[in-house]
Amino acid sequence: MPVRLKPWDAPFAGDPRAILEAAKLIPVPDEQMAIVLLEQHRYVIDENGRTISKVRKVLRIVTEEGTEEWSSIEQEYQPWHESKPEMRARVIGADGTVHWLDGKTIADSPANEYDQNIFSDRRVVRAPLPAVGVGTIVEYEIVTRETAPLFNAGEARRVTIFDGVPIRRFQLSIEAAQSVPLKTVSKLIPESAIQRSQNGGKTQFNCDIGPLEPRKSVEGNLPSDVPSYPYVSFSTGRTWEEIAAKYEDVVDQQIKTGNLRALIEGVDSSDGPKAIADKLTAKLHREVRYTGVEFGEAEIVPRTPEETLKRKYGDCKDKASLLVAALRAKGLRAYVALLDAGFGTDVDQDLPGLGVFNHAIVYVTGDHPLWIDATSAESRVGDLPTADQGRLALIASRGTVALQRTPESSAEDNKRRHTIEIHLSDFGAGEIRETVEAQGYMETRLRQAYDGSDAKKAQGCTGKIRQAGLPGKIGRGVQRNEERRFQPKVPVGVASQGSKTRHYGAG
């Protein structure tokens, strides 16, 4: 049955009063801030892999809270491969008057970085919407054009349907030149809402779904292959094998030269792979701090080892590439591995392309493969932080044909033992000693909280004693011992004797 046209279907063309009246007829569930009348996403990919994306929304504001939520629009972009986004918008007042977005009010400024250790040239265009209020209709459109593809071997994107508010109709269209190997995956969307076709030398994908009821709650801690929201992902890469080979070329080009003496000096090549990796990783953490300067192509291209060692800082791909170079110099077969670190829905196994990965780690092949996060100074070599575990990783090697899942630790691998000793004296003050021994994730958390290098961090360790009402002052004599950082057992303790409290750690 053909879908009956709505007065808001044509962009910025519908009669304002007809839109208002038609929108009022649609019931809105209680406590909803707004209702999305139409959400459209359109992607056009040319024969060179460049993408033009267009997002258009029409919504009705229902509450004052909704006025605050939708009083402005914004779009982030990367100038090195995208042009400045184009914006247009109108607000239809409750009385039918139309207020257009003034182009002079659009701000173009550096994007806010959520990590203070990351510096990039990402930018964001933002604009306030005029005359937004309860009962008004907001219609906006944002167009972003790629001047070059993110990665010439293919990129991947994901369009998520955030159904926290009711959505009457959601539309997604993807059109790709016939030479582009377009691949798509959809989750939590019925197949009846999807159409695929070949027309006029182009590959087309269309999704049309709705109405969608507002989601009452979002379940957390789901397995990485179970999505929290409906989505469609698509990619323009041919195979993971090709993507891996291309990115290996990028890494190899960057690490093929450079003086690694500061990192590899004193490390015996005759030691076993684990011992070599332990020593090199420990030296890397001492020599290079985590800081990212991601201007231009540095968003995906690592710095050279020489530059990273000179600056004494680097982001995940800089540190991973430097460690790979050092490991190779000692005869190990090491590679950079890309993954989407975190606890949300993982990347799609069947969609080859860059753009969905957010982290780089190291993979060392051999009889006993090693995974190393070069940015996690508190994790042992071979033990990945929890955000890296069980994630699909792209090993940048010509031997790669598919994504490989990173190892996951078991409950047995993550332990913490508290031992409390009470020593009574025949006369005078006694002594209470608490020792904590940890391994796996528990050890990592303990090191992050207290590594023995800062008396302020020790306050957390002595907190229980203070809460118990025992007097004392925090000692300042504990030193961090780099050579003993990863002994089989890592005790950290607190002792109280008389009126003095001291802490100790075998870091």
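The values are calculated or read from the model by the stated rules, or taken from the named source; none is laboratory data. Remember, predicted model here, so these are calculated numbers, not experimental data. No Cβ is skipped: glycine too gets one built from the backbone with ideal geometry, and neighbour counts run over all protein chains shown. All accessible areas refer to the heavy atoms of the entire protein, side chains included, with ligands and DNA or RNA removed. Shrake-Rupley method; radii C 1.70, N 1.55, O 1.52, S 1.80 Å.
Some points to look at:
- The lone exception for Gly14 - which of (1) within 23 Å of Asn206 (Cβ to Cβ); (2) open to solvent by less than 50 Å² (accessible area, probe 1.4 Å); (3) touching a residue at least 24 places away in the same chain (Cβ under 8 Å) it fails: (3)
- Meets criteria (assigned to a loop (DSSP other than H, G, I, E, B) and either surrounded by fewer than 19 Cβ atoms within 10 Å (Cβ to Cβ) or in contact with a Leu (Cβ under 8 Å, 6 or more places away or on another chain) (or both)) for Glu47: yes
A quick yes/no check of all residues on (1) at pLDDT 95 or above; (2) under 37 Å from the mean Cα position of the chain (by Cα); (3) outside any loop (DSSP other than H, G, I, E, B):
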{"site": "Asp9", "(1), (2), (3)": "yes, yes, no"}
{"site": "Leu20", "(1), (2), (3)": "yes, no, yes"}
{"site": "Asp30", "(1), (2), (3)": "no, yes, no"}
{"site": "Leu38", "(1), (2), (3)": "yes, yes, yes"}
{"site": "Tyr43", "(1), (2), (3)": "yes, yes, yes"}
{"site": "Leu59", "(1), (2), (3)": "yes, yes, yes"}
{"site": "Glu74", "(1), (2), (3)": "yes, yes, yes"}
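- Qualifying residues in region 210-247 (those that are within 22 Å of Gly344 (Cβ to Cβ) and not in a loop (DSSP other than H, G, I, E, B)) - the one most open to solvent (accessible area, probe 1.4 Å): Leu212
- Members of region 174-189 that are over 22 Å from Ser228 (Cβ atoms), open to solvent by 20 Å² or more (accessible area, probe 1.4 Å) and small (Gly, Ala, Ser): Ser179
- Residues satisfying the stated conditions in region 97-131, i.e. of a type in the set (Val, Ile, Thr) and open to solvent by 30 Å² or more (accessible area, probe 1.4 Å): Thr97, Val98, Thr105, Ile106
- Any hit, region 365-377, residues being surrounded by fewer than 20 Cβ atoms within 10 Å (Cβ to Cβ), modelled with pLDDT of 95 or more and over 24 Å from the mean Cα position of the chain (by Cα): yes
- Filter result (under 18 Å from the mean Cα position of the chain (by Cα) and part of a strand (DSSP E or B)) within region 150-182: Glu155, Ala156, Arg157, Arg158, Val159, Thr160
- Test: Ile61 is over 22 Å from Asp163 (Cα atoms), open to solvent by less than 40 Å² (accessible area, probe 1.4 Å) and in contact with a strand residue (DSSP E or B) (Cβ under 7 Å, 6 or more places away or on another chain): no
- Taken together, Ser71, Ser83, Ser53 contain a single residue that is out of contact with any His (no Cβ under 6 Å at 6 or more places or on another chain), farther than 29 Å from Gln204 by Cβ and of a type in the set (S, T, N, Q), which is Ser71.
- Qualifying residue in region 423-444 (condition: among the aromatic types (Phe, Trp, Tyr) and within 25 Å of Gly353 (Cβ to Cβ)): no
- Residues that are in contact with a helix residue (DSSP H, G or I) (Cβ under 9 Å, 6 or more places away or on another chain) and over 26 Å from Phe205 (Cβ atoms) within region 24-50 comprise Gln32, Met33, Ala34, Ile35, listed in sequence order.
- Here is the figure for region 407-440: residues that are open to solvent by less than 60 Å² (accessible area, probe 1.4 Å), within 30 Å of Val364 (Cβ to Cβ) and assigned to a strand (DSSP E or B) total 2.
- For Gly292, the conditions (1) open to solvent by 30 Å² or more (accessible area, probe 1.4 Å); (2) farther than 30 Å from Gln32 by Cα; (3) of a type in the set (Gly, Ala, Ser); (4) in contact (Cβ under 8 Å) with a residue 60 or more places away in the chain all hold with the exception of (1).
Yes/no per residue for (1) open to solvent by 50 Å² or more (accessible area, probe 1.4 Å); (2) part of a strand (DSSP E or B); (3) in contact (Cβ under 8 Å) with a residue 24 or more places away in the chain; (4) more than 21 Å from Arg405 (Cα to Cα):
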site: Ser270; (1), (2), (3), (4): yes, no, no, yes
site: Thr281; (1), (2), (3), (4): no, no, yes, yes
site: Asp318; (1), (2), (3), (4): no, no, yes, yes
site: Val324; (1), (2), (3), (4): no, no, yes, no
site: Gln349; (1), (2), (3), (4): yes, no, yes, no
